[in-house]
1. Determine whether residue 75 is under 17 Å from residue 38 (Cβ atoms), of a type in the set (Phe, Trp, Tyr) and within 12 Å of the chain's Cα centre (by Cα).
2. Go through (1) over 18 Å from residue 119 (Cα atoms); (2) of a type in the set (Asp, Glu); (3) exposed (fewer than 12 other Cβ atoms within 10 Å of the Cβ) for residue 51 and report which single condition fails.
3. Quick one: residue 86 ticks every box in (1) at pLDDT 95 or above; (2) part of a loop (DSSP other than H, G, I, E, B) except a single one, so which number is it?
4. Looking at residue 105, is it assigned to a helix (DSSP H, G or I), among the small types (Gly, Ala, Ser) and surrounded by fewer than 15 Cβ atoms within 10 Å (Cβ to Cβ)?
5. Is it true that some residue in segment 24-31 is in contact with a strand residue (DSSP E or B) (Cβ under 6 Å, 6 or more places away or on another chain) and within 16 Å of residue 112 (Cα to Cα)?
6. Does segment 89-96 include one or more residues that are polar (S, T, N, Q) and more than 19 Å from residue 120 (Cα to Cα)?
Amino acid sequence: MPASSSRSFVRTWPTTESVLDAGRAWAERLAHADASVVAVGCFGSFARGVDGFGSDLDLVAVVHAQRPEPTDPRWSTLDLPVPADLVVYTADEWRTLMASDRRMARVLAAEARWWIGQPPA
């Protein structure tokens, strides 16, 4: 019966800086490709500087009036070096969220690092 000669393997994970650089480049490409983009940034563990092996990149975007179709290739995050979760708000949804006492509003107000633009006040 065949047997494996080794049970070990090496796992590597990209550095915080390389993930944030890739996220920023993705945001810049997106803003260039889609005129509806108002602001793009990140929040969560990478924004707080507490990411580690297996962390995903939490992205937030604000658009003028209509969220993109989920299949719009300009919004794909598959080329980022780590898995990404993307939350998209319209400008009106953003204002409503930030005027609320929801946990997400508090998290975004405290953590968001904006790469492109600034969300509406």
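The values are calculated or read from the model by the stated rules, or taken from the named source; none is laboratory data. Note that the structure is predicted; figures quoted are calculated from it, not measured. As a convention, Cβ positions derive from the backbone with ideal geometry for all residues, glycine included, and neighbour counts pool all protein chains shown.
1. So residue 75 fits the description; yes.
2. For residue 51, the failing item is (3).
3. Tallying (1) at pLDDT 95 or above; (2) part of a loop (DSSP other than H, G, I, E, B), residue 86 fails exactly one: (2).
4. On the way: assigned to a helix (DSSP H, G or I): yes; among the small types (Gly, Ala, Ser): yes; surrounded by fewer than 15 Cβ atoms within 10 Å (Cβ to Cβ): no.
For residue 105, the condition - assigned to a helix (DSSP H, G or I), among the small types (Gly, Ala, Ser) and surrounded by fewer than 15 Cβ atoms within 10 Å (Cβ to Cβ) - is not met.
5. Yes, that holds for at least one residue.
6. Checking segment 89-96: not a single residue is polar (S, T, N, Q) and more than 19 Å from residue 120 (Cα to Cα).
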